[in-house]
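Chemist: Please see the structure below; I have some questions.
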Amino acid sequence: MADSANGQVIFEAKGCVMCHQKDMDTVGPSLRTIAIGYSGKEGTLVAYLKGQGSPIIDPARASVMAPQLVKIRTLFEEEFRDLAEYIVSSADRPVY
């Protein structure tokens with residue numbers, strides 16, 4: 001089972017938070033936007049994060065994410081699932 005808390009640690013440690021804010025699009029789409037788009041499609045998100053799939057959220061800006069995908073490619077399979085779980089669970093967190 002994926003661990004959302006570990007996914008948050010990875011998200012912050014790998015610098016994802018620099019481009020992905022909780023509820024606001026900045027350099028990248030917000031966590032909430034990503035969460036809603038990938039809800040029920042966690043496997044598709046994992047494939048994208050591993051560099052093995054195409055994005056379904058704002059694919060026109062996918063090239064901006066390419067360097068980050070290189071940065072995280074050394075994660076273990078379970079860590080990719082944890083990261084995806086954290087991102088998708090963002091849709092369940094309240095908006096402030």
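Just so it is clear, none of the values below were taken in a lab; they were calculated from the coordinates. This structure is a prediction, so every number in the text was calculated from the model and none was measured. When we count neighbours, we look across all protein chains shown, and the Cβ atoms used for this are built from the backbone with ideal geometry, even at glycine.
Chemist: Determine which member of the set F76, F80 is free of Cβ contacts under 8 Å to residues at least 60 places away in the same chain and within 11 Å of the chain's Cα centre (by Cα). Don't jump to the end; show me each part of the working.
Modeler: Details: F76 fails: within 11 Å of the chain's Cα centre (by Cα).
Criteria check complete, one pass: F80.
Chemist: Right, next: Quick check on this structure: which one of L31, L49 is surrounded by 15 or more Cβ atoms within 10 Å (Cβ to Cβ), under 16 Å from E12 (Cα atoms) and touching a Phe, Trp or Tyr at 6+ places or on another chain (Cβ under 6 Å)? Even if it seems obvious, please write down each step before you answer.
Modeler: Details: L31 fails: touching a Phe, Trp or Tyr at 6+ places or on another chain (Cβ under 6 Å).
Testing whether each residue is surrounded by 15 or more Cβ atoms within 10 Å (Cβ to Cβ), under 16 Å from E12 (Cα atoms) and touching a Phe, Trp or Tyr at 6+ places or on another chain (Cβ under 6 Å) leaves just L49.
Chemist: Still on this model: Looking at region 52-81 only, could you name the residues that are among the β-branched types (V, I, T) and buried (at least 16 other Cβ atoms within 10 Å of the Cβ)? Spell out how you get there, then give the answer.
Modeler: Kept after step one, since they are among the β-branched types (V, I, T), are these residues of region 52-81: 56-57, 64, 70, 72, 74.
Across region 52-81, the qualifying residues are I57, I72.
Chemist: Please specify each residue of region 13-61 satisfying the condition of being touching a Leu at 6+ places or on another chain (Cβ under 7 Å) and of a type in the set (A, V, I, L, M).
Modeler: Hit for region 13-61 is L49, nothing else.
Chemist: Can you give me the number of residues within region 1-28 that are over 12 Å from I87 (Cα atoms), small (G, A, S) and loosely packed, with under 13 Cβ neighbours inside 10 Å?
Modeler: Looking only at that region, the number is 2.
Chemist: Quick one: in region 58-76, of everything that is in a helix (DSSP H, G or I) and in contact with a helix residue (DSSP H, G or I) (Cβ under 8 Å, 6 or more places away or on another chain), which residue is nearest to M18 (Cα to Cα)?
Modeler: Our first condition is that a residue be in a helix (DSSP H, G or I); within region 58-76, this holds for 59-64, 66-72.
Then drop every residue that is not in contact with a helix residue (DSSP H, G or I) (Cβ under 8 Å, 6 or more places away or on another chain), which leaves 68-69, 72.
Working: Q68: 11, L69: 14, I72: 14 Å.
Looking at the filtered set, the residue picked out is Q68.
Chemist: I've got another one for you. Are any residues in region 6-58 over 17 Å from A91 (Cβ atoms), in contact (Cβ under 8 Å) with a residue 24 or more places away in the chain and more than 12 Å from the chain's Cα centre (by Cα), and if so, which ones?
Modeler: Across region 6-58, the qualifying residues are N6, V27.
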